[in-house]
Every structure is written in structure tokens, then in C-alpha cells.
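The values are calculated or read from the model by the stated rules, or taken from the named source; none is laboratory data. The structure displayed is predicted, hence computed values, not measured ones. Neighbour counts run over all protein chains shown; Cβ positions are idealised from the backbone, glycine included. These accessible areas exclude ligands, DNA and RNA; they are computed on the full protein's heavy atoms, side chains included. Shrake-Rupley method; radii C 1.70, N 1.55, O 1.52, S 1.80 Å.
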Amino acid sequence: MTRTGRKSLNSTAFTQTRKFTAGAAAVAALCAMSTPAMADIVIGEFGGTKLSMFGIIDVGMLYNSDANATGDSKTSMETSGLRQTVIGFKGERELDVNLTAFFNLESHFDTNNGFLHGTGDASGTGPGGINTPLFRRQANLGVRGDWGSLTLGRQYGPALLAHIGTEPRAFKEQFSNLYAWAYGQLFTTFNPNNGSGRNTNNDVGIFMNNAVQYRNTWGPVTMGVLYSFGGQAGDFKDNSAYALGLTYNGPITLSGSYQAFHDEQSGKKVVDHTSLGFAIPFGDFTWKNNWMNAKNDNTAGNQLFDVNGFGTGLDWKWSAKNSATLAFYLNKDDANKSDETKFIVISNDYQWRPDTTLYIQAAFADADPGATLRTSIVAAGVTAGEKSTLLNVGLNFMF
């Protein structure tokens, strides 16, 4: 296809969402928080209450060989190439034997300019119509014991968390199927209620409002189950959301999840998302595979999108401080046959120390003429109808 004749990547709706979806990789925060490198800084203990803070600062340079419809290249400073940039606060206090109360507050901002990162919440749902929450990732309160944990408020859903160990690049902020996950659950529920469907509890299929979640681990099995209350007068189902995530960590890793979102007025299911994965370690290598499907319907029951994303990859811990990954992604919308994109990703993470990482990652994209953000693994998408090369080099600092 000629450069002058190829289709533009983004519709108006897609263009409006470029900035907040780059932060959609919220799950990466939990992934990082679960590692020893994400050690909390204890602020203090007061009257039996422990307060702490944590954060990630991540910035780098991104080159795109084919950034627009005229074939121009682009080099830019970009926030959060490996993991999103966040700052957060946590607290806990013992209430009784085997009962601890806790809270989580986690904010997301962009390192390149210092602004709060945007959001995937349905437009106009914030106070005064503003849609940039201070604590986009977490604003919750809960209790835990050896029976598990119960968390109430805005929080990470259990579905995506279940697949961190099986997604080829562990849902890294750039060049992973985090974006197929997010974009596949965004556009149906993001816009004002115009018949396409709307759910105000869904932020890119990762963050859930008005939610209660139970999590526990039994031996090698971890489970999370969540329900988001619709808060609408009338039918209990209106505007509701629910999610389930399961992970088995044994000689191999297995993962499965399901979640759904209902329209705030009609109660119709407008997003239906399923994912499965497995990972097999052998020596210094781990082979990872993940499949996901996002079906989007309007309130009349007509199919809008049917996005399938498949990723396979090999991790190689080739030295004490270096980890390399080779991954392949094939994403397509079966309801829109010209929307398909294929990617090969090569990356290496060098850990100067457990909390400071220099990363370099390259993606080679082959996008069909109708390719959209829904089949992209790049935050801003790639140019439809063209082959392009992207290179990202950056530094990740955690505390």
C-alpha cells in the first residue's frame, strides 16, 4: 500500500485515549510491588499503626521509524517504558489475633512532564466531569488474616493479575499485550451513554471502582474474586462488574481469568473477557504463552469487536544481572477482519542493583490496513498498513 493511500491509525475516540492508556499497565505496579526490589520506605509507626510509602520512577527515549501517515520517523522522551511511574502510601494496624486492617493509596504520573496520568474511566464520571483521579490505581481499605484478604474501594481486578507469570513480557508497560487487554475493554464503556454501552466501574479492564474483592492462596493456587456494585436505582445488575482470576504455581505455571461489565442503564453485558496462559521453566529459560479474547457488544446485543490476542515468548536469565526476552504477538479483531497486527519483540533488562534497571527493547510491527489500537502492543499504536520499527531505551528506579 502506498504511503499516500494508507489508512490513518486512529479514530477520534482512539486519539483521545492515547495518553491515559499508556498508564493502563497498572498491573505492572503490582508485579513490581511483589518483588523484593519494591521495598517500602517506612515513614513511621504511631499508636500501633505502621505507615509506609513506595514508588517507581521510569523514563526513556522512544524511536518510531514510521510514526504517521506520511512515513515520518519520531524520537521522543516517554514516561514508563518498563513499568509505570507511581507513588503510593500504605498503612496497617493489628485489630485482633489474625486480623489486620490495611489501606492502599496509589497515584500515577508521567515522568517526562510531571502531570498526573490520564484515566480510562467513562468520560464525565469524575467530580465536576473531571477524569484524572489523584489515586487512579488504588484507593482502598481492607482486612486480612490467614483466611485471606477482603478489600473495598478502587483496586486492581484479579483477572489480569492472574496472568503476570504467563504473559510473555509480564505485562510490561511497553511492547506487551497489556495494551490488547486494555484497549479491548475500553472503547465500549468509555464514552457517554449513547447506546454503545457504558460502565463507570471499568478503567481499561484493570482498575475497578466500587469494588469488593476476596483473595487467598491455598498451597500452589491463588484466587481472587471481585464484584463492583453498579450503584444504580432499579436493577442490581445495572453498571455492575465482576471478575475472577486463578493462578497455579507449581512445576509449571497455569493461569485463567474471566470478567464482564454491564451497561449502566440497560444492564446488558457489553464486555466479556476471557484469558488463559501457561509458563514452563527449564534451566535459565522460561517459555510463556498467553491468549485473551475480548467481546464487545452494544446495548442492542450487536457485536462491535471480537479481539483475540496471542503471545508466546522465551525469557533467558543469561547472567546474574541480565535478563533477555524474545516474544511474538498476533492480535486481531475477528469482527473487523482488516484489524490485525503482528509484532516481534526483543529486549534486555540490566539490573545495576535489584531496584535500578537499565532496559532496552525493540518491537518490529506489521500492521494490516485496518489496524487499530485494539490490536496494538504499543501505547500510541503503530501506523496502519505499514511495517515499522520501534526502539525504547530507559531507566527504571524503584523504592
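Points worth noting:
- Qualifying residues in the range 370-391 (those that are assigned to a strand (DSSP E or B) and aliphatic (A, V, I, L, M)) - the one surrounded by the fewest Cβ atoms within 10 Å (Cβ to Cβ): LEU391
- Residue within the range 290-308 that is touching a residue at least 40 places away in the same chain (Cβ under 8 Å), part of a strand (DSSP E or B) and more than 17 Å from TYR183 (Cα to Cα) present: no
- Of all the listed residues (ALA32, ALA26, ALA37, ALA22), the sole one being modelled with pLDDT under 50, touching a Pro at 6+ places or on another chain (Cβ under 9 Å), surrounded by 15 or more Cβ atoms within 10 Å (Cβ to Cβ) and among the hydrophobic types (A, V, I, L, M, F, W, C) is ALA37.
- Segments classed as helices (runs of 4 or more DSSP H), wholly inside the range 152-257, with at least 2 members that are among the hydroxyl-bearing types (Ser, Thr, Tyr): 178-183, 187-190
- Residues of the range 318-369 satisfying the condition of being farther than 25 Å from TRP287 by Cβ, open to solvent by less than 10 Å² (accessible area, probe 1.4 Å) and part of a strand (DSSP E or B): ASP333, ALA367
- Within the option set GLY120, GLY126, GLY71, being at pLDDT below 95 and in contact with a Leu (Cβ under 9 Å, 6 or more places away or on another chain) holds for one residue only, GLY120.
- All positions within the range 58-85 that are among the basic types (Lys, Arg) and either under 23 Å from the mean Cα position of the chain (by Cα) or at positive phi (or both): ARG83
- When the residues of the range 223-263 are filtered to those that are buried (at least 17 other Cβ atoms within 10 Å of the Cβ) and acidic (Asp, Glu), the one that is nearest to THR286 (Cα to Cα) is ASP263.
- Residue within the range 153-161 that is among the hydroxyl-bearing types (Ser, Thr, Tyr) and surrounded by 21 or more Cβ atoms within 10 Å (Cβ to Cβ) present: yes
- Residue within the range 363-382 that is on the phi > 0 side of the Ramachandran plot and touching a helix residue (DSSP H, G or I) at 6+ places or on another chain (Cβ under 7 Å) present: yes
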